[in-house]
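J.: Before I ask anything, here is the structure I am working with.
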Amino acid sequence: MLQRYDARNADLRYWVNGVLRHRDEPGISPFDSVVQGGDAVWEGLRLYHGRIFALDAHLARLRRSAAALGFAAVPSDADITAAITETLRANDMSDGVHLRLTLTRGVKITSGMDPRLNQAGCTLIVLAEHKAPVYDTTGLKLATSSVRRPARTCSTRRSTTTT
């Protein structure tokens, strides 16, 4: 296993929609889309010497992912950055930290898979942990698939006409 537990994480505080909670305190509604059906997008970020590596690029990718899934009322970059800052301050973190940003479609008015049941807007979760990188700095090997995804203009429906 590449990841190890760090005892400094025993009393972490995490952020859920404006509330900092102790790691042992539940904070996600059972009606949230992430609980109901895993409906969320996420980004993993690293904090080095008080700065988050490529924060703008990560937030842009998070926003594109949320838009691709049709999430409504996505928090602004400024609001997400403020949540990250508050979480890091609450945990007295400045280096060697992994952050997990999770953005769910939000809390549903009743359980079910239909996204129209989400009327409260997104849920933002910020989890920061003292955690060393799991990959060394010599780089990773990349394999690229030669199979291409069909263009959006292509239909996946097949004609079933008979003569």
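J.: Residues with beta-carbon under 13 Å from that of GLU25, excluding GLU25: net charge, scoring Lys, Arg +1 and Asp, Glu -1?
T.: +1
J.: When a/c reaches 1.5 or more, the comparison of a/b and b/c decides; with that in mind, is region 69-163 rounded, prolate or oblate per its Cα gyration tensor?
T.: Values: a/c = 3.45, a/b = 1.42, b/c = 2.44.
Since a/c reaches 1.5 but b/c is at least a/b, the shape of region 69-163 is classed as oblate.
J.: I would also like to ask the following. Could you order the peptides 93-101, 109-117, 70-78 from most to least packed, using the average number of other C-beta atoms within 10 Å per residue? Mind showing how you got there, number by number?
T.: Details: 93-101: 17.2, 109-117: 11.4, 70-78: 14.3.
Answer by packing, highest mean first, reads 93-101, 70-78, 109-117.
J.: For region 1-50, take the alpha-carbon Rg, divide it by the Kirkwood Rh, and send me Rg/Rh.
T.: Checking Rg against Rh, the ratio lands at 1.01.
J.: Just subtract the alpha-carbon distance of ARG152 and ALA10 from 0.36 nm times their residue separation and send over the number in nm, one decimal.
T.: 46.5 nm
J.: Quick one: pull the percent of accessible area on the chain belonging to carbon and sulfur, 1.4 Å probe, ligands and nucleic acids left out.
T.: In the chain, the share of accessible area belonging to carbon and sulfur is 53 percent.
J.: Also, quick follow-up: Using the alpha-carbon atoms, what tilt in degrees (0 to 90, nearest 10) does helix 77-90 show relative to the longest principal axis of the chain?
T.: Between the helix axis and the principal axis of the chain, the angle is about 30 degrees.
J.: In addition: Any chance you could give the angle, 0 to 90 degrees and rounded to 10, that helix 55-68 forms with the longest Cα principal axis of the chain?
T.: 30
J.: Let me have the 222 nm mean residue ellipticity of the chain computed from DSSP H runs of 4+ only, each contributing -39500 (n - 2.57), with the sum over all residues rounded to the nearest 500.
T.: Roughly -6000 deg cm²/dmol at 222 nm, from the helical runs in the chain.
J.: Kindly provide the chymotrypsin sites (Phe, Trp or Tyr not before Pro) of region 1-67 that DSSP labels as loop, not H, G, I, E or B, and whose Cβ sees at most 15 other Cβ atoms within 10 Å.
T.: Counting only loop positions with at most 15 other Cβ atoms within 10 Å, the chymotrypsin sites (Phe, Trp or Tyr not before Pro) in region 1-67 are TYR5, PHE53.
J.: With the Cα gyration tensor of region 18-79 in hand, give its eigenvalues times 5 under a square root as the equivalent ellipsoid semi-axes, listed largest first in whole angstrom.
T.: Semi-axes (√(5λ), whole Å): 22, 19, 10.
J.: Another question, if that's okay. Can you figure out the FRET efficiency of ARG23 with ALA67, using R₀ = 35 Å and their beta-carbon distance, to the nearest 0.05?
T.: 0.70
J.: Right, something else. Give the label of the value calculated from the structure for volume of the Cα convex hull per residue in Å³, choosing from (1) 189; (2) 109; (3) 118.
T.: Matching entry in (1) 189; (2) 109; (3) 118: (1).
J.: Taking K and R as +1 and D and E as -1, what net charge do the other residues with C-beta under 13 Å from the C-beta of ALA120 add up to? Don't skip to the answer; put the middle values down first.
T.: On the way: positive: ARG105, LYS108, ARG116; negative: ASP32.
Neighbourhood net charge equals +2.
J.: In the neighborhood of THR102, defined by Cβ-to-Cβ distances under 15 Å, what is the net charge if each Lys or Arg adds +1 and each Asp or Glu adds -1?
T.: That sum, taken over residues with Cβ under 15 Å, equals +1.
The values are calculated or read from the model by the stated rules, or taken from the named source; none is laboratory data. Because the structure is a prediction, the values reported are computed rather than measured. Positions of Cβ are generated from backbone atoms using ideal geometry, with glycine treated the same way; all protein chains shown enter the neighbour counts. Ligands, DNA and RNA are stripped out before the accessible areas are found, and what is left, the full protein with its side chains, is counted by its heavy atoms. Shrake-Rupley method; radii C 1.70, N 1.55, O 1.52, S 1.80 Å.
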